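**Student:** Sharing a structure, written as structure tokens. Questions coming.
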Amino acid sequence: MSDLQYTDLTGCVVKVPMLDWLEDGSYYDEDQADDEDTFGILPCSRYCIGHEDGDGISVWLNDQMQEVEEGIA
């Protein structure tokens, strides 16, 4: 049984067979737009969470392992 998991956009915990780091990036968080240090641009990373039909499936996650809307590498 896998202990690897993240929280998806709806707040549900998703268990995955793998959580392999692919690349770092950033995302825009509207709730943080007024922050004078970040202006809403926060760090995230893209992870491979498995494979389907020979293709990798990936997800962008913030530092709390919460899925973010869209990452920018």
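The values are calculated or read from the model by the stated rules, or taken from the named source; none is laboratory data. Quick caveat, the model's predicted, so the values are computed rather than measured. Cβ atoms come from the backbone with ideal geometry, glycine included; neighbour counts cover every protein chain shown. The area values use the complete protein model at the heavy-atom level, side chains included, leaving out ligands, DNA and RNA. Shrake-Rupley method; radii C 1.70, N 1.55, O 1.52, S 1.80 Å.
**Student:** Mean separation of Cα pairs under 8 Å and 6+ residues apart, divided by the residue count of the chain: what relative contact order is that in percent? Spell out each step's value before the answer.
**Tutor:** Values: 150 pairs, mean separation 22.7, N = 73.
Reported relative contact order: 31 percent.
**Student:** Sticking with this structure for a sec: Which order do peptides 31-41, 61-71 fall in by mean Cβ count within 10 Å, highest first? Present the calculation step by step, with values, prior to reporting the outcome.
**Tutor:** On the way: 31-41: 10.7, 61-71: 15.1.
Peptide ranking by packing, descending: 61-71, 31-41.
**Student:** Residues with amide H under 5 Å of L4's amide H, sequence separation 5 or more or different chain, H placed in the peptide plane at 1.01 Å from N; which?
**Tutor:** V16
**Student:** When the accessible area of the chain is split by element with a 1.4 Å probe, what percent falls to carbon and sulfur? Working shown, then result.
**Tutor:** Values: 2410 of 5210 Å².
Of the solvent-accessible surface of the chain, carbon and sulfur hold 46 percent.
**Student:** For region 4-58, what is the accessible area per residue in Å², given a 1.4 Å probe and the full set of protein chains?
**Tutor:** Details: 3840 Å² over 55 residues.
Using a 1.4 Å probe on heavy atoms only, each residue of region 4-58 averages 70 Å².
**Student:** If you don't mind, there's one more thing I want to ask. Roughly how large, in nm² to one decimal, is the mean projection of the convex hull of the alpha-carbon atoms in the chain?
**Tutor:** On the way: hull surface 21.7 nm².
Convex hull of Cα atoms, orientation-averaged projection: 5.4 nm².
**Student:** Right, something else. Would you pull out the residues with amide H under 5 Å of I41's amide H, same chain only if 5 or more places away, H placed 1.01 Å from N?
**Tutor:** Hits under the 5 Å cutoff: D29.
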